[in-house]
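The values are calculated or read from the model by the stated rules, or taken from the named source; none is laboratory data. Note that the structure is predicted; figures quoted are calculated from it, not measured. Positions of Cβ are backbone-derived with ideal geometry, glycine not excepted, and every protein chain shown enters the neighbour counts. Note: areas computed on protein heavy atoms with side chains; ligands, DNA, RNA excluded. Shrake-Rupley method; radii C 1.70, N 1.55, O 1.52, S 1.80 Å.
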Amino acid sequence: MSSVTFDNATRLYPGGTRPAVDKLNLDIADGEFLVLVGPSGCGKSTSLRMLAGLEEVNDGRILIGDRDVTDVPPKDRDIAMVFQNYALYPHMTVAENMGFALKIAGVGKEERATRVLEAAKLLDLEQYLTRKPKALSGGQRQRVAMGRAIVRQPQVFLMDEPLSNLDAKLRVQTRTQIASLQRRLGVTTVYVTHDQTEALTMGDRIAVLKDGLLQQVGTPRDLYEAPQNVFVAGFIGSPAMNLFTADLTEGGVTFGASVVPVDREVLSSASGKQVTVGVRPEDIVVSTDPGAGLEVVVDLVEELGADGYLYGHSEVDGKRTDVVARVDGRLHPSIGDRVHLIPAHDHIHAFDVESGERLNKAIVTA
Amino acid sequence: MSASLSITSATVDPALLDLPWNLPLDEWPSETIASLPKGISRHLVRFAYLSGYVIAVKETTTEMAKGEYDMLRTLQRLDVPCVDPVAVVAGRMDDDGDSLASVLVTRHLRFSLPYRALFSQMLRPDTATRLVDALAVLLVRLHIVGFFWGDVSLTNTLFRRDAGAFAPYLVDAETGKLFDGGLSNGQRENDLEIARVNIAGELMDLQAGGRVEDELDPVEVSNGIVASYRSLWKELTGSEVFASTERWRINERVQRLNELGFDIEELAIRTDEGGTTVRIQPKVVDAGHHQRRLIRLTGLDTGENQARRLLNDLDSYSATVARDGQEVDEEQVAHEWLIRVFEPVVTSIPRDLRGKLEPAEVFHQLLEHRWFMSQREQRDVPLAEALTSYVNDVLRHRRDEATVINPPTESITLPVDVVDDEDDVDWRERV
């Protein structure tokens, strides 16, 4: 097991005008589960492939532990790409399927048996070691495939969208399995996904990328509660955070008919007379006071039992703006109603309209 | 049929609509299903009939089916040998309105076989080596166009017999990705390592099933792909430097590549400032050197090795018709050879035996057969005599390889094959 360091790592494709990954600096601790997340083309897979040795590093370095691996061939990096292929061989037993790559690598028979047994225990496959894949369930087969990677005892596991070809139900199940297995194994893992829910539920920390640039790295809670810029604010969380352009006034920002107090630092550091205000759907209160907050026309209410989500629209700064708010699942407004929404006290995020950078301190929740 | 069924296809075949899309693939009725030799697959794949040809139908997610469909079409445009994508069928629903997995439809390549079907009882080391060499050629060709495969294996390749060698076709592009700027050395090395491990696994699996000869060592055979790949890659892409007085080495390089079955489309030639040394490096190479020559001369479209074999025969025919150093017109002789030698052989194959092998492969095997007969009998056996013997003693006893159709069975390819447990064996002995 080992730490991983991206030190100003840069990848510029031949003929490209801007780097696919631009001066990435990231320290991944020994045993940590780090998720690289971002929209398509953000550089997350390229970053992973740089670590795997599949992409050239044009500038900067990559270290696994203290070892500079920037110019080391992939097979000598002591990493395992999990799920890259999970074909199981029908005539070989579970034990053979898990251990055959060790045989190719010249690992002795006793050592092979020890490692296969250890992996099988971790994967709850001990009792199936003599079975053939045919006699296993879908989930068990997947665990055998994972076993293939585990017995190699690599320093780092790399996973590139490993769940993308699974159906929704199996995806959620496997997600949980991978996360809990990683915690049991304690092997440093770098995991790439475009799905922020997957990132939030699996990672110890998450690194958000956009256009080849690292936007923010932190725990799921850091990212959720203190997004460092508008992009992270809008990307992390489902339903997404509401983002509005709002006028600054003395003592706060206008939110419809209300003025919401913000930190003094927001007022002093904003570059213009407006700020981008962000409010999570759960931080919005529905008011019956017609003179308060932002007037919103209800378009749809999604009922989820105890809770529900209200989807509506409003006029903000002369433009139609969509708004989402969490509401009581039993006592909620109806489609077409006009309601007034106010952000909960101390739960707004403020960003500079020009740079998109965060202006206020992190929101602290109990 | 569901109203929301969506079919994406470049060449829409209306018969596609008649397939039972409202049923999960494993429940398709046997009259729709064709029986073909099976491979190992992660997804459920079955073969069905469509307008007189056979299609492979693979259940997967919509996104992956579309991605693979587009990728296969791109690879075809790049002239990479791969299966022919027919359609993506999405939005399938069963009669209860429940959604079913999307499918990718590809056309089955006639006379192509999965590696497991290329030998009848036991895999011999030399056959395994030829398979691995064929895969190395395919991998080099894919890497030259910038395709990173990600799951190189014998399973993901189909093979056509090619005059003693095998012509490989990519069948599974699911994990592949095309890089415009070409591949890095790391990507190529990774594909090669994946290939090495997968081939060893596949051969070990055959070994576990008792289907390889004792002297075959899976690890040794699989290591063979590395050497084979590297030497071909070096020959096709490497630069060489020589004194400017040795310019004949340019021609030598071109000929070496031709021998390997490649044409150089673009060669970078640079001299140093003093003009004493020359550096050459092929920039664009095209596979199919012999295929193209054969097509130009005869119109016959065959495998590369078959073309080489047929051209050899054509060249020796040419030598026999040339009289005393008299110039012969190459195209005219080729035409003559085609109607006097090749076509009579093909047309004299009984109709019921024509599904056994492709015509060019029959011709190659006939030439081999005649050589063995002549050796044995210590005389020059005429082609007609060899043909009778070949048809009766060899061809008649082969199985059909065009498409294996009988008998139709219920389930052809499952994610993994059926094998009994052997609980009495200590697993430690088998790791």
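A compact table of results
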| quantity | calculated |
| --- | --- |
| Average beta-carbon neighbours from other chains, 10 Å sphere, peptide A:180-193 | 0 |
| The range B:113-237 - percent relative contact order, Cα under 8 Å, separation 6 or more | 35 percent |
| Solvent exposure ordering (accessible area, 1.4 Å, most first) of B:Ser228, A:Ser355, A:Ser164 | A:Ser355, A:Ser164, B:Ser228 |
| Spatially proximal lysines relative to A:Lys132 (Cα-Cα < 17 Å; intrachain offsets below 8 disregarded) | none |
| The range B:246-322: trypsin sites (Lys or Arg not before Pro) in DSSP coil with no more than 15 other Cβ atoms inside 10 Å | B:Arg247 |
| Per-residue average of Cβ from other chains inside 10 Å of B:291-297 | 0 |
| Loop-located GluC sites (Glu not before Pro) in the range B:242-327 whose Cβ has at most 16 other Cβ within 10 Å (DSSP) | B:Glu273, B:Glu327 |
| C-alpha center-to-center spacing [the range B:286-306, the range A:330-357] in angstrom | 69 Å |
| In order through the range A:181-189: 3J(HN,Hα) via Karplus (6.51 cos²θ - 1.76 cosθ + 1.60), integer Hz, x for Gly, Pro | 5, 4, 5, 5, 6, x, 8, 3, 9 |
| Cβ neighbours within 10 Å from other chains - mean over A:128-136 | 5 |
| Candidates per GluC sites (Glu not before Pro) in the range B:22-116, loop by DSSP, up to 11 other Cβ within 10 Å | B:Glu31 |
| Candidate residues B:Thr388, A:Thr174: accessible-area rank, largest first, probe 1.4 Å | B:Thr388, A:Thr174 |
| Sequence-distant lysines (8 or more away, or on other chains) whose Cα lies within less than 19 Å of B:Lys177 | A:Lys44, B:Lys66 |
